[in-house]
Amino acid sequence: MPTVTSTATLSIASRVRAFVRLGRPIFLGGGFVMYGLGVALAMFAGARQVEWTRYLWGQLAVTAIQLMTHYANDYFDLAADRANGTPTRWSGGSRVLADGVLPAWVALAAALVLAAVAVAVAARFATGAFPASAAPHVVLMLVLAWFYSAPPLRLCARGLGELTTAVIVTLLVPWLGFSLQRPVAPWLPLAVIQPCVFQFAMLLAIEFPDAAGDATAGKRTLVVRWGGVAAARFYVALVSLSYLALPWWVHLGLPPRIAIGAAVVAPLAAWQVIRVAGGAWRERERWNSLGFWSVALLMATAGCEIFAALTDRYGMPRGY
């Protein structure tokens, strides 16, 4: 059972730390990396230099929406988090609300304020000084992120949360970064397929520890719907097939250099596949490791694609 803490006994500093922890800042790096990937791909596609004003406005939108999602998730997932007796560092929410450290309204208020920040950025994008697609792009990201956990759609409880998150984080975020720097290239969707796959797989990995609590609270994630065995098999097939498909993506127009960047961390992916196929998802003592290395696989793949996009074949910065 969770330990309930009275907010009356907390100092102001403790409440501030709890509020920060509620926002799960450990996950914010992904928003910076995936947005940076889009900008790096724009440089690869011929943008002469980074338009820093556009870059910063776009990053503000991404980070505001990401933080909004974190606060909203803890608020709307409170019942599932309270029912979860096996949280890990990567799953089960921040535990701030579940353990009674702060009242639930704090998370909702923070989420609404951050949503307002994203709306303000979208309004700034609609002034005409930015690409015409930027404002509706941010609005789409905001709407999908809000209804990921919020009713009435509550996509995360309908078996659609994994796909929704993959679309937002690894497609729409890089796409925003790219489109703010130059017109979108036809091969851009191909460049983010590998990160999309690994984002989806990562969510499956961090849902294994939550499955019992999610089922109790009626949050029907894919792991709850399919069961652990089927979800693990899908994880293995998805990650494995993503590498087998790389030559086909190159045939369709993906620049070979970006494909090589996406393939660099294949040994880590193979190790994860072997672990999941071997039943690591069943073992509580391996849940933290499974989640960590699934996150690492996504971040390393995006990082290698960024390196490939920003350097020439000798590893020197482009234009050197």
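Points worth noting:
- Entry for Rg and Dmax of the Cα atoms in Å (calculated from the structure that is shown) out of (i) 24.3, 80; (ii) 20.1, 73; (iii) 19.9, 62: (iii)
- Loop-located trypsin sites (Lys or Arg not before Pro) in the range 76-181 (DSSP state not H, G, I, E or B) with no more than 15 neighbouring Cβ atoms inside 10 Å: 89, 158.
- Distant alpha-carbon pairs in the range 63-120 (separation over 12 angstrom), percent: 63 percent
- Distance distribution P(r), the range 13-145, all Cα-Cα pairs, bin width 10 angstrom from 0: 12, 37, 29, 16, 6, 0 percent.
- Heavy-atom surface analysis with a 1.4 Å probe gives the range 59-170 a carbon and sulfur content of 72 percent of its accessible area.
- Prolate/oblate/rounded call for the range 186-275, Cα gyration tensor, a/c under 1.5 rounded: prolate
- Taken about its Cα centre, the range 155-269 carries a charge dipole of roughly 160 debye when the Cβ of each Lys and Arg holds +1 and the Cβ of each Asp and Glu holds -1.
- Cα-Cα pairs of the range 220-320 separated by more than 18 Å (percent): 56 percent
- From helices alone, the chain scores -20500 deg cm²/dmol at 222 nm; the rule is -39500 (n - 2.57) for each run of n ≥ 4 DSSP H residues, then divide by the residue total.
- Between residue 285 and residue 27, the simple label model (points 7 Å from Cα in the Cβ direction) yields a spacing of 2.8 nm.
- Estimated translational D of the range 90-236 in µm²/s (Stokes, Kirkwood radius over Cα pairs; 20 °C; 1.002 mPa s): 125 µm²/s
- When Rg and Dmax are taken over the Cα atoms of the range 143-205, they come to 12.9, 37 Å.
- Pair residue 264, residue 237: separation of 7 Å Cα→Cβ label points (nm): 3.1 nm
- Packing-based order for 27-35, 296-304, using average beta carbon neighbours within 10 Å, highest first: 296-304, 27-35
- Stretchable slack from residue 124 to residue 14, in nm (0.36 nm times residue separation minus alpha-carbon distance): 36.0 nm
- Accessible surface comparison of 57, 248, probe 1.4 Å, protein chains only, largest first: the order is 248, 57.
- Stretch gain in nm, segment residue 307-residue 79, where the contour uses 0.36 nm per residue and the Cα spacing is subtracted: 77.9 nm
- The range 5-138, accessible area per residue, ligands and nucleic acids excluded (1.4 Å, Å²): 44 Å²
- Proximal charge balance of residue 182 [Cβ under 13 Å; K/R count +1, D/E count -1]: +1
The values are calculated or read from the model by the stated rules, or taken from the named source; none is laboratory data. The shown structure was predicted, so the numbers you read here are calculated from the model rather than taken from an experiment. With ideal geometry, Cβ positions are generated from the backbone for all residues, glycine too; neighbour counts draw on all protein chains shown. Note: areas computed on protein heavy atoms with side chains; ligands, DNA, RNA excluded. Shrake-Rupley method; radii C 1.70, N 1.55, O 1.52, S 1.80 Å.
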